[in-house]
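Let me begin by presenting the structure, written as structure tokens, before commenting on it.
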Amino acid sequence: FAHTMKVLDGEISVVFYDMTTLYFEASDEDDLRKTGFSKDGKHQNPQIFIGLLVGLGGYAIGYDIFEGNSYEGHTLIPFLEKMEQKFKLGKQVVIADSGLLSNENIAALEANGYEYILGARLKNEPGRIKTEILRHTFSDGDTINIAKTENTRLIVNHSKARALKDEYNRKRGLTRLEKQVRAGKLTKSNINNRGYNKYLKLTGEISIQIDYEKYNQDNVWDGLKGYITNTRLSDVEVLDNYKNLWHIEKAFRMSKTDLRIRPIYHRLRHRIEAHICIAFTAYCIYKELERALYQEKSTLSLKKAAELTHNMYQITYTLPDSRQTKTRLLKMDENQQELFNIISKNF
């Protein structure tokens, strides 16, 4: 935390919060490892939740571990209060995705004096607000805001690139459904609002078909993204701050792949906590290396830098006469020498 404060010039005005799940190979549960909704699709495996708080640029502030069957939305306020007490953070602007959007969380944030920017679920908004949104004809980059309550507003932004991605994803989801319908693999239990299953309908008593009218109606939402906030920031500032949320998504991605935080084979709680602590520390070091490479305008990527260290060697030897112990770096190639010079200068 002290290092993050230094990197951010002693000021943390906004914080970003997100959660992910980590599954275990062992099948038995205990007080910490429990089965629950898995973001990795490993619903049969016991898991834990990890909450992570970062500042601008993805620089780490703190993390916490929760039981595997926790409800994601109930972790936000306890986590923020713990970090606030531990680091004397004060009331920051809290930025989180729509997974933490609930009336309960919003009420708790406001009751505890927090300002926030949360990802909105536009299709779940009341009819009045949806009608007002669709009344507008959006072009690329257009932004509108709609008052939700006396203190909160909904900001809606349109992006042409996002619209193309939304349309592509809907078509891909429809193609997958069509294949399943033709194969007769779908039953009544598949008719729900999860993902693209919302386009399914039951005709007669046994025939499952695709509701193409509902599918076509959804295109009006392509490209639209919503944000709920109680801050006094301008619409542009809200959008710019929320865009930084990708850093925390990258942190989890790096931890799960580059740092190999999973799968976890430990069973004892203190070993699990140690495993997470090591991965968290490694992420902090990774971020500092990333900052150093950027600061020195190096063309080396993080992945390339990590690979270069695999065969950088130093030998330690003792002179037979004087009994002096010395060290010497073995010859390095050009990229290894560049990396060594950057690390020597910045660490």
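The values are calculated or read from the model by the stated rules, or taken from the named source; none is laboratory data. Keep in mind it's a predicted model, so treat the numbers as computed, not measured. Backbone-built Cβ (ideal geometry, glycine too); neighbour counts: all protein chains shown. Protein only, heavy atoms only, side chains kept; ligands, DNA and RNA dropped before computing areas. Shrake-Rupley method; radii C 1.70, N 1.55, O 1.52, S 1.80 Å.
So here's what we get for this one:
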| item | result |
| --- | --- |
| Lysines with Cα under 23 Å of K185, excluding same-chain neighbours fewer than 8 positions away | K42, K171, K198, K201, K214 |
| Peptides 253-259, 48-54 ordered by average Cβ neighbours within 10 Å, highest first | 48-54, 253-259 |
| If the convex hull is drawn through the Cα atoms of region 73-165, its volume per residue in Å³ | 123 |
| GNM result for the chain, Cα springs below 10 Å: residue of A111, A251, A279 fluctuating most strongly | A111 |
| Extension reserve of the S234-I278 stretch, reckoned as 0.36 nm per residue once the Cα distance is removed | 11.9 nm |
| Length released on extending from N219 to K123, taking residue separation times 0.36 nm less the Cα-Cα span | 33.4 nm |
| Lysine pair count for region 215-321 [Cα-Cα under 22 Å; pairs on different chains or 8 or more apart] | 14 |
| Dipole-positive endmost among Y212, A96, L268 within the chain (Cβ charges, Cα centre) | Y212 |
| Proximal lysines to K82, defined as alpha-carbon separation beneath 16 angstrom and excluding residues fewer than eight positions away on the same chain | K91 |
| Within the chain, helix-based [θ] at 222 nm, where runs of 4 or more DSSP H residues each add -39,500 (n - 2.57), nearest 500 | -12000 deg cm²/dmol |
| Förster-model FRET efficiency, 30 Å R0, K160 and S301, C-beta, rounded to 0.05 | 0.55 |
| Probe 1.4 Å, protein heavy atoms only - accessible area per residue of the chain in square angstrom | 58 |
| Max mean-square fluctuation residue, GNM over the chain, Cα-Cα springs under 10 Å, options P320, P126, P46 | P320 |
| Nearest-20 debye value, the chain charge dipole, Cβ charges on Lys, Arg, Asp, Glu | 880 |
| Anisotropy class of the chain from Cα gyration tensor, a/c 1.5 cut | prolate |
| Accessible carbon and sulfur surface of the chain relative to its total accessible area, %, 1.4 Å | 49 |
| Potential extension, N335-R260 segment - 0.36 nm per residue separation minus Cα distance | 24.5 nm |
| Base-10 log of normalised Debye intensity for region 255-319 (one unit scatterer per alpha-carbon) at q = 0.15, 0.22, 0.23, 0.29 Å⁻¹ | -0.66, -0.95, -0.99, -1.23 |
| Residue with peak Gaussian network fluctuation, the chain [Cα springs, cutoff 10 Å], from S298, S207, S70 | S207 |
